[in-house]
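Input: a single structure, listed below in structure tokens.
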Amino acid sequence: MAVPIDRHRRSELREFLMSRRARVSPAQAGLPDGGARRRTPGLRREEVAVLAGVGVSWYQWLEQGRDITVSSQVLDSVSRVLRLTSAERRHLYVLAGLNPPALEVAPGDRDMCDGLKRLIDAWMPFPAHIMDAYWNIVVYNDAAALVLGMRPEIVQNCLIAFFTDPLYKACSPHWEEIACRVVAQFRTACSEHPQDEGFQAVVEEARELSPRFAELWDRRDVQPGGQLLKQMQHPVVGALHVESTQLRVPARPDLSIVLHTPVPGTDTAAKLEWLTSPEGRRGSMYPVAG
């Protein structure tokens, strides 16, 4: 749906488009460079308009920041011609007053997992793991294996494992209360990608494996991801009280970092330090291979 451009954004929109246009050479756009007749680097306004399939006057008005209406289809065409990155395309949408599209992972950011792995390893002795948009487990630290029972032989999806792993359920005295919030948070994540078959596949598998999940899913409750208070009864060290917090890295919107922090006023921190010590590892029922 087309909307008028907010006056507050017009100046930034004008400067942004001019700067992006100046970066694209005629050769990059598949045009002759114009030789000595071209006074400035980059594309001319009329060239952008033609390549984007919009009127020359309309594009000139857009770049001048006039009070006109824009649509996502037109902005996508302009983004293509100006060779905008995913982040720049989102920025253009915001300046034009439209809801921005989802941020795609830039090629240069795809190797961030190594750095994020170092982050959760540095979180020791507290549990931490990384999951993708579908809550598939990407990597976890040793404490997550020792405390949460994350291990290779279970389903590597946090939602499905929550409802199907008997070890986790047995160690969670408030499992039912947490289950309601877990399902509501996953539904919220699904709602951001209503046509994504990946989410649908996870839901279908969870429904098939867990009647309780199916009941909770049919409630259609929603809750944003954030923080959960978890109480666990570990077979070796007893009661553990942690806050589970989901964090996102803007450059990798497809990943979430889940950090578990001991609740103040409890002896959880000391228990986790012992549990991840050599002595504690020998007595744990969730030994880490290697």
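Results, tabulated for the structure shown:
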read-out: Simple label model, 7 Å out from Cα along Cβ direction - Ser191 to Arg80, nm; value: 3.3 nm
read-out: Probe 1.4 Å, accessible area per residue of the chain, Å²; value: 52 Å²
read-out: Nearest 10 degrees, 0 to 90: helix 72-81 Cα axis against the chain principal axis; value: 80 degrees
read-out: Rel. contact order, % - alpha carbon contacts under 8 angstrom, at least six apart, the chain; value: 16 percent
read-out: C-alpha long axis of helix 175-191 to longest principal axis of the chain, angle in °; value: 10 degrees
read-out: Fully extended contour minus Cα-Cα distance, from Asp267 to Ile68, at 0.36 nm per residue; value: 65.5 nm
read-out: Entry for P(r) over Cα pairs in 10 Å bins from 0, in percent (calculated from the structure that is shown) out of (i) 7, 30, 35, 22, 6, 1; (ii) 6, 24, 26, 19, 12, 8, 4, 1; (iii) 6, 23, 23, 17, 14, 12, 5, 1; value: (iii)
read-out: Leading residue at positive end of dipole, the chain (Cβ point charges), from Asn136, Val242, Ala214; value: Asn136
read-out: Helix 86-96 vs. the chain, principal-axis angle (Cα, 0 to 90°, nearest 10); value: 60 degrees
read-out: Karplus 3J(HN,Hα) series, Hz, for segment 258-264 with 6.51 cos²θ - 1.76 cosθ + 1.60 (x for Gly, Pro); value: 10, 10, 10, 10, x, 6, x
read-out: Segment Asp221-His174, length gained on full extension (0.36 nm per residue, minus Cα span); value: 15.1 nm
read-out: Burial ranking of peptide ranges 140-151, 266-277, 211-222, 55-66 (average Cβ count within 10 Å, highest at the top); value: 140-151, 266-277, 55-66, 211-222
read-out: In Å, descending, principal axis extents of the Cα set of segment 150-220; value: 35, 26, 18
read-out: Listed residues Ile154, Ser25, Gly97: farthest to the positive end of the dipole of the chain (Cβ charges); value: Ser25
read-out: FRET efficiency for Thr245 and Leu31, using Cβ-Cβ distance with R0 set to 45 Å, rounded to 0.05; value: 0.35
read-out: Percent carbon-and-sulfur accessible area, the chain, ignoring ligands, DNA and RNA, probe 1.4 Å; value: 53 percent
read-out: Interchain or long-range residues, amide H under 5 Å from Ala239's placed H; value: His234
read-out: Theoretical gain in end-to-end length, Leu209 to Trp274 [0.36 nm per residue, Cα-Cα removed]; value: 19.9 nm
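The values are calculated or read from the model by the stated rules, or taken from the named source; none is laboratory data. The structure displayed is predicted, hence computed values, not measured ones. Because the Cβ atoms are built from the backbone with ideal geometry, glycine has one as well, and the counts that use them run over all protein chains shown. Heavy atoms of the whole protein, side chains included, go into the accessibility calculation; ligands, DNA and RNA do not. Shrake-Rupley method; radii C 1.70, N 1.55, O 1.52, S 1.80 Å.
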